[in-house]
Amino acid sequence: MIIVYASFRKKQRENARKALEKKIEELENKHKASGETSVLKTLQETRTAMNEFLNLKVEKILSILRQRTFDGGPRAAKVLAYKLKFIDKKSKELITGRREIANTFTKYYQDLYDAAHDNLNKDRLMQFFQKIKLPKATEEQNTMLTKTM
């Protein structure tokens, strides 16, 4: 349903743009023929409306590009980008440079994995894996799996 609505709105915007272009062309021809100031004023208003329309279109495209730039990549990176919002926790300053953002991500992941590695207790892991009852391949299944085809 959302796709249908979005498609409908896109067609409406396209029709509105075409109507503005056609009206501008007609007003330009009319102004060339008559030279009236009222026609010129209407032409300027129509051009202003067209400029506003095009500005909205550019803003939308820029918004999409920003999302692709900062939220691109796997889901984990998107979640991280959303949570960090590129604010350095220590200095509470907004980070805007690409290299600085990349360094922030690098430091975040290094700290994350270093902390996870430090907290691992090998004995506890071995106990956990010994409790898990996984099926084991028999000798016959093992030979079938390893023989050449």
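Values in this text are rule-based calculations from the coordinates and carry no lab data. Not measured: the values here are computed from a predicted model. Cβ: placed from backbone, ideal geometry, glycine included. Neighbour counts: every protein chain shown.
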Can you compute the charge dipole magnitude of region 1-71 about its Cα centre, using +1 on each Lys and Arg Cβ and -1 on each Asp and Glu Cβ, nothing else charged? Give it in debye, rounded to the nearest 20. 280 debye
Please compute the length gained on full extension between PHE8 and ALA102, using 0.36 nm multiplied by the number of residues separating them and subtracting their Cα-Cα distance. 29.9 nm
Dipole of region 1-71, positive direction: furthest Cα of ILE61, ALA19, VAL39, with charges on the beta-carbon: ILE61
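Could you pull out the pairs from LYS11/LYS60; LYS11/LYS57; LYS23/LYS60; LYS10/LYS41; LYS11/LYS41 whose alpha carbons sit more than 18 Å apart here?
In this structure, LYS23/LYS60; LYS10/LYS41; LYS11/LYS41 lie more than 18 Å apart at Cα.
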Per the 1/(1 + (r/R0)^6) rule, R0 = 41 Å and r from the Cβ atoms of MET1 and GLU26, FRET efficiency to 0.05 is 0.65
Which whole-Hz couplings ³J(HN,Hα) result when phi for each residue of region 129-137 is put into the Karplus expression 6.51 cos²θ - 1.76 cosθ + 1.60, θ = phi - 60°, listed in order with x for Gly and Pro? 5, 6, 6, 6, 9, 9, x, 10, 6
Roughly how many nanometres apart are two label points built 7 Å out from the Cα toward the Cβ at PHE129 and ASN55? 6.3 nm
